[in-house]
Each structure stands twice: as C-alpha cells, then as structure tokens.
Number of protein chains: 6
Amino acid sequence: MVYLTRLEHFNAAHKLFNPSWSIEQNEQAFGKCANENWHGHNYELYVTVKGQPDPGTGFVFDVKQLSLLIREQVVEKVDHMNLNVDVDFMKGKMCSTENLAVGIWNELMKHLPAGVQLHCVKLYETPRIYVEYYGE
Amino acid sequence: MVYLTRLEHFNAAHKLFNPSWSIEQNEQAFGKCANENWHGHNYELYVTVKGQPDPGTGFVFDVKQLSLLIREQVVEKVDHMNLNVDVDFMKGKMCSTENLAVGIWNELMKHLPAGVQLHCVKLYETPRIYVEYYGE
Amino acid sequence: MVYLTRLEHFNAAHKLFNPSWSIEQNEQAFGKCANENWHGHNYELYVTVKGQPDPGTGFVFDVKQLSLLIREQVVEKVDHMNLNVDVDFMKGKMCSTENLAVGIWNELMKHLPAGVQLHCVKLYETPRIYVEYYGE
Amino acid sequence: MVYLTRLEHFNAAHKLFNPSWSIEQNEQAFGKCANENWHGHNYELYVTVKGQPDPGTGFVFDVKQLSLLIREQVVEKVDHMNLNVDVDFMKGKMCSTENLAVGIWNELMKHLPAGVQLHCVKLYETPRIYVEYYGE
Amino acid sequence: MVYLTRLEHFNAAHKLFNPSWSIEQNEQAFGKCANENWHGHNYELYVTVKGQPDPGTGFVFDVKQLSLLIREQVVEKVDHMNLNVDVDFMKGKMCSTENLAVGIWNELMKHLPAGVQLHCVKLYETPRIYVEYYGE
Amino acid sequence: MVYLTRLEHFNAAHKLFNPSWSIEQNEQAFGKCANENWHGHNYELYVTVKGQPDPGTGFVFDVKQLSLLIREQVVEKVDHMNLNVDVDFMKGKMCSTENLAVGIWNELMKHLPAGVQLHCVKLYETPRIYVEYYGE
C-alpha cells in the first residue's frame, strides 16, 4: 500500500457565525472571526489517496488526474468564493475548517474512480492551523 | 548600515471592484477577484527598517518594539477585517496588494520613532504573489 | 473523528550531556552537541487534538484556546530557557528531542479540558529533524 | 514509542516511459513526463524510524547516524543520477515516485542496525506531490 | 514605484558539461553535475516587474497576465525539458543557473507589454541555491 | 552582473547581555533574551556573491566552493557553539543578529578569492526575524 498526496490551493472569505445565536454569543464564541463583514484565508489543501502501484505505470493514481479532480470537484466550487454564501456543500453548516475538510472529503468521494481509495483530506487555514479528516 | 526585518501575519477579506465601473467591466478586469460576496487571504507582512547598530544593545531597532508597532499600527486595523469596508486607511482606494502595501507604509511612517528609517514593506497576498514598496 | 493541529514556536539552549558518563564518553556519544557551553535551537511545536466537531461551533476544540493552553503550559516554561537548567519537567532527564516531546505531552495532558483528546506532539529541533509522540 | 524523522535531499533526472509500450501509449499515459530527453527533480526524502528512547542518550536512534546511513545507502546512489539509467535498485522498474519510495525503503531495510525499526519513507517529487510508504 | 513578483515552477533535466573540454576537465570543474546521463531540478522562478499602480485597477500589472506571460514565454519552453537539448534559448550556452536566469530575462523582455518594466529574475535551482539577474 | 546565493545553517546558544550594565538594565533592555542561562537559535545564513558568469563554466563562482568556504570560515566557528563564549570574532561585542551578520561578513571578506565580490550576508535568527548587511 502506497500513499500519494497532491497539494492544491484556494482563497476564500468566510465568517464564524451561528445564526441561531445572538450577536453577543457569536462574539463570545468566535471573537474576531465573527466579524459580520467577513475575513478570509489562503487555504492549502492536501489530498491523499492510497493503493498499490499499477505495474504498467508505477502509479497508485495518475497525479495529474488527481490534481484535475481536486480542481474540478473542489477548487472550482470554493476558490475566490464566500464559503458561507457561495458554496452549496457548506449550506447550513458552520464554516469551520473542521466542517470544510469533511465537506471536501464528501465531494471527492462522489467522484473518485473505482479502485482509488481516498485516505486523508488535510486542510491548512493558516500556516499555523490545520485539520485532518480520514473519513471516519 | 544594517537592515532588520520582522514578519507579521494577518487574515482579511476583500474584493477587487472599481465602483465607477459597470459589473461587466469589473468582471473583465478582475475575473473571480471581483466576486461581490468577497474572498480573502492570509497576508504575510515583512517590514524592514535600517540603521546603524546601537553600541549598547547591538540593535538597529528592538525587534520586539518593531513587532509591537506593526501589530498596533497595522495588524490591529486589518486582521480579520474586510479591507474594502472596515479599514480607514484603504477607504476610497482599490484594494490591490500594491495599494495595501503603500497604505501600510504610510501607517508605519506616522509612528516610527525618530532615528529609525523604514526601508521596505513586503506583502505576500498568496505564497506565489508579493509586492514590495520602498517609499518612493 | 477530526484532527486539529496548532503550531507554536520557542527558542531554547541545551546540551546533550549524560552526567553519569565521562567527558570523553559524552563527546563520543554526542559530538558537538555535548559542548559544555551549550548550543540552541528554534523549536517548532505542532500539537494535535482530535474529536467530533461541536454542532454549535463546528470546532473539535477552539484553536485559540488550544494556542493559549500550549503557550501557558509549555511555551512559558521553555521559551528563551536553558532546557537542562531552567525547566522543571526536564529535570533529571537527557535533553533529547525525544524526551522533550514526551515531556511536553505530559504537561499538556495535565491541563486539557475533559472531552478533548490529545493525539500527537510533533517537535522540530531543526528544519531537518523532528520527533513525534502519540502517548503510547 | 517515539518516532524520529530526518530529511535528506537529492537531485536526479528521470522519465516516465514504459519500454513495452509504443511511444504513443507512453505519451498518452505520461504526457510531458515521457519526454525522451529526460526531465528532473529536487527530491526531498523524509525517513522515519521508531522505538523507545535509550535511557543513556535519550535517543530512539542517533540522528547523525541516521543521516549518514541515508546518505551512504540512498543519496550516494541517486544524487545527480539518472534514475532510469544509473540506479541499480530501480533497474527494470517504472521510475514513478511510488516505486522510488518503495525502492528506498528496501535499501534502508538492508542496512538498519538491529533494534531500529523503519516506520516510513516519505518522498517529495515536487513541493506539491509526495508519496509515503510504510512497508506494507 | 511598486514592485510586483510572481512565482512559477518548472522541472527540467540538465548537465554541466563544456563540450570544448575533456571529460576529465569537466569532471574536475563540475563533479557530479557533469554526469553524462543528466540530473535535474525543480526550479522555482520569481519574476519581478515594477511601475506605478494604475488608478483604475490598483495594479502595477495584472498578476494573472504576468503569470500567463511567464508560462507561455518561459515555462512552456523549459518545463519537463532537457535544458541542454530541448531549449532554443540555451543552445550553445553552459546550462548554469546563472545563464538560465539571463536567458529567461531575455525571453521575458521580448514579450512584456509597453509600459511594464522588468526588474528581476530570481531562480532557485535547489532550496539552498538561487541566482538573481537585474538586466545589467 | 549576476548574483549567486547559497544557504547554510547552524545552531548556537547566546544571550543578550551588556556586561557594563546592571542585571536590571539588561532585563529591561532585553527581557527574556537576557536569561543568564542562555537560549539559542537555528540560524539560516544566506551569502550572496556577484560577478559576471565565466564563459567556460557559466558560473559567477562555483557554488560548491562557496558552500565550502562558508562552512570552513563561518559554520565551523559558530555551529553548536555559544556565541558569547566560544566565538573569537564576536568577542567583546553584543551578540545581536545585527552584529553577528557584520561579523560573518568580515570573516568571509578575509577569505574570498580575488575577483569574487561579496554582496550580502542575510541571517535569519528565527523564521520571523532576519538581518541583512551589504558591507557599507
């Protein structure tokens, strides 16, 4: 079993704001992240798949196809977007990095070719904060 | 003459949108960056001062004071903010990285102690795009 | 289960020196790292916790609280310190990166709120050497 | 159990080309990577070993010995080499990053001292693509 | 005057070999870099232009156009290529990083729009070696 | 004129302490950096030379010779050392990064071959603080 990882990048705006709470509760829970006028991040997205290298190509999965799949199924939907407003798969969810990583996992799972196993979605919100999700 | 640089970090939302143009003109000029719902970045800000090391301390300038000054005069005003909406020193300006770097230079110049010379403001918008301004 | 990681930083002096050995044995075992006058490092500390995202916040754990906890329980005790001399939780231990990572794990375990699980302490001694400890 | 990782570096040329296929098949499978005149990479190699810290040294394994072992058993054989042509342990294999990581694992396994367990070989082909192999 | 920099990436093979010298002279001058079977690198290319921000856009130059120009005029010609064999603008030149940076400068100069000034080509051959050229 | 830069690395202990001041004055000026038991850093040292590429080699200067020269004339003297105690060229000087960069410049100047011009010494004390010196 070999693990193959590809890094992609996107920029987005968001805020941390629970609409069922008061503004005061939101400010207490999220501080500056609750700014109603939004803030944003450069997200770094690492996607890891696993499998046995194909004898003909030596590949677990063609990394150019992996890059294309991430761009089409994830980056196109979130890059230069407002995560709270513009992104279908985040509708009705808190826009935490945790939930965003799980949402990205679910988008990728719908589109991976048979025989390729998704192993991990790792998402940097800032150079000092990241989240990992393994699907369980 | 020795040059001393300190890196600070902030996150912000913005859009590239010229209010005196039509939406079509904005989209043609700025593409996805014109998204009316905003996007955002992790900005990395390098501030360089220059001077002769003080014989008593060996310092051009105390780097902790430099860090504090950048945080108080810049980061407090832009971190977790919407650059187009929340930031006084960007009012009426296009929120390009170029203009933001010039704006940051001007904020710092108002508050640097006498005898400390500002040399450069270098601002990363993404890990692949940065701007430098030397005050002239 | 989602994994959340926060990076913090500290600088410290240390030496690798076993007091129950002769100087020659120490020099043979540790080379330049045994320099009696000390050397030092910029340590990069990654702390990973795990859990299920809270429905109200979307957080496994508030990353600002995690940062504060690491700073108060670890960074305050080791930053700008001599690890062999100044740090209570390293007393009587060899100051290897391995032992330092285990010591940091133990400090964090005493202070994590109930319901938050510590997953990993990852500690860079230099950009080319790091250690990971998972508590078992 | 503590995990210790050392990073080493090498540069090499390669191409992705299956000699049992036609040129057209190779170009379809590998695109630009099939360029018959070769291309190349700066590889970043992370080797992780695991074990219990020795009471006398505090080490899982002496990181200088680990560095020396990686340099002698791997870097000497691949650095400034053509992976398809010059490297014995890649003979007859596709020069994918996947197969290279497995080949490096096998070289290291032959030479690790008794009592030191190899945990992972992680190999960056570019800053955006890496592979991990855990020996199973 | 504001300076704007864009980072692009390419991979290539090369060797350092002066065809007017003997093999022995080449090995003495270039060591492992003279390997007749080639080696290669991940090159990181920083291109800096300078000018005054446009009042309408806030841009010195549209960074997406800059990226496209670098990709079309440089990356297309060198990515996944053999610099000694496949690249017209390096024909008859030693394939040092110095000469490659100068060659890239010259390619860019032919295609920059009027009014945009090229300031610097900075080229990393490895994470520890880079070259800068300012056109004079 | 082309500029060539090589990165080298060393680890060292130091403290910021002016022996002609009281302990209170030192603590006020230097805070935690005045800890009498020392602290330390991983220093990253960038050395830039400049010149015209040699027609035979394509080199401004052989980067392996540059690396060797930095290692012999600087790294050997400071790596795993106490900068205040063990380093001749820092004797009697405050151990600030500013003074260390100037000291390194002076050491290199004594040993550069004729015809090679030293352009810049850039020294990172931490990933967020660096100093540059151009010899004037």
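The values are calculated or read from the model by the stated rules, or taken from the named source; none is laboratory data. Owing to the predicted nature of the structure, the values given are computational and were not obtained by experimental measurement. Glycine gets a Cβ as well: all are built from the backbone with ideal geometry, and neighbour counts include every protein chain shown. With ligands, DNA and RNA removed, areas are computed over all heavy atoms of the protein, side chains included. Shrake-Rupley method; radii C 1.70, N 1.55, O 1.52, S 1.80 Å.
When D:Y133 is evaluated against the numbered criteria (1) at positive phi; (2) under 12 Å from the mean Cα position of the chain (by Cα), which criterion, by number, is the only one it fails?
Of everything listed in (1) at positive phi; (2) under 12 Å from the mean Cα position of the chain (by Cα), D:Y133 misses just condition (1).
If you scan region C:1-26, which residues turn out to be away from chain F (no Cβ under 12 Å) and out of contact with any strand residue (DSSP E or B) (no Cβ under 8 Å at 6 or more places or on another chain)?
C:F17, C:N18, C:P19, C:S20, C:W21, C:S22, C:I23, C:E24, C:Q25, C:N26
Name the residues in region A:112-124 that are more than 11 Å from chain C (Cβ to nearest Cβ) and at pLDDT 95 or above, would you?
A:Q117, A:L118, A:H119
Determine whether F:Y134 is within 14 Å of chain B (Cβ to nearest Cβ), open to solvent by 50 Å² or more (accessible area, probe 1.4 Å), in contact (Cβ under 8 Å) with a residue 12 or more places away in the chain and closer than 27 Å to B:L45 by Cβ.
Against the criterion (within 14 Å of chain B (Cβ to nearest Cβ), open to solvent by 50 Å² or more (accessible area, probe 1.4 Å), in contact (Cβ under 8 Å) with a residue 12 or more places away in the chain and closer than 27 Å to B:L45 by Cβ), F:Y134 qualifies.
Would you check which residues across region A:84-109 are within 11 Å of chain C (Cβ to nearest Cβ) and among the aliphatic types (A, V, I, L, M) and list them?
A:M90, A:M94, A:L100, A:A101, A:V102
How about region B:47-76: which of its residues are within 14 Å of chain A (Cβ to nearest Cβ) and either open to solvent by 30 Å² or more (accessible area, probe 1.4 Å) or farther than 30 Å from F:A34 by Cβ (or both)?
B:R71, B:E76
Exactly one condition in (1) over 23 Å from A:N26 (Cα atoms); (2) touching a Pro at 6+ places or on another chain (Cβ under 8 Å) is false for A:L118; which is it?
(2)
Of A:M94, A:M109, which residue is surrounded by fewer than 18 Cβ atoms within 10 Å (Cβ to Cβ) and either in contact (Cβ under 8 Å) with a residue 24 or more places away in the chain or part of a helix (DSSP H, G or I) (or both)?
From the options A:M94, A:M109, the qualifying one is A:M109.
Of the numbered conditions (1) facing another protein chain (nearest Cβ under 7 Å); (2) open to solvent by less than 20 Å² (accessible area, probe 1.4 Å); (3) in contact with a Lys or Arg (Cβ under 9 Å, 6 or more places away or on another chain), E:H80 satisfies every one except a single condition; which is it?
(2)
Go over the candidates F:A12, F:A101 one by one and state the one that is under 30 Å from E:E125 (Cα atoms), open to solvent by less than 40 Å² (accessible area, probe 1.4 Å), touching a residue at least 40 places away in the same chain (Cβ under 8 Å) and not in a loop (DSSP other than H, G, I, E, B).
Being under 30 Å from E:E125 (Cα atoms), open to solvent by less than 40 Å² (accessible area, probe 1.4 Å), touching a residue at least 40 places away in the same chain (Cβ under 8 Å) and not in a loop (DSSP other than H, G, I, E, B) holds for just one of F:A12, F:A101, which is F:A12.
Tally the residues that are open to solvent by 40 Å² or more (accessible area, probe 1.4 Å) and touching a residue at least 60 places away in the same chain (Cβ under 8 Å), restricting the search to region C:16-45.
Residues in region C:16-45 being open to solvent by 40 Å² or more (accessible area, probe 1.4 Å) and touching a residue at least 60 places away in the same chain (Cβ under 8 Å): 1 in total.
Based on what the data block shows, is A:L16 more than 14 Å from the chain's Cα centre (by Cα) and aliphatic (A, V, I, L, M)?
yes
For region B:97-125, give me each residue that is touching a helix residue (DSSP H, G or I) at 6+ places or on another chain (Cβ under 9 Å) and β-branched (V, I, T).
Result: B:T97, B:I104, B:V116, B:V121.
Inspect all residues belonging to region E:29-38 and state whether any of them is closer than 23 Å to E:V75 by Cβ, in contact with a Phe, Trp or Tyr (Cβ under 7 Å, 6 or more places away or on another chain) and within 14 Å of chain D (Cβ to nearest Cβ).
Yes, region E:29-38 has at least one match.
Could you list, in sequence order, the residues of region F:113-122 that are outside any strand (DSSP E or B) and open to solvent by 30 Å² or more (accessible area, probe 1.4 Å)?
Within region F:113-122, F:P113, F:A114, F:G115 qualify.
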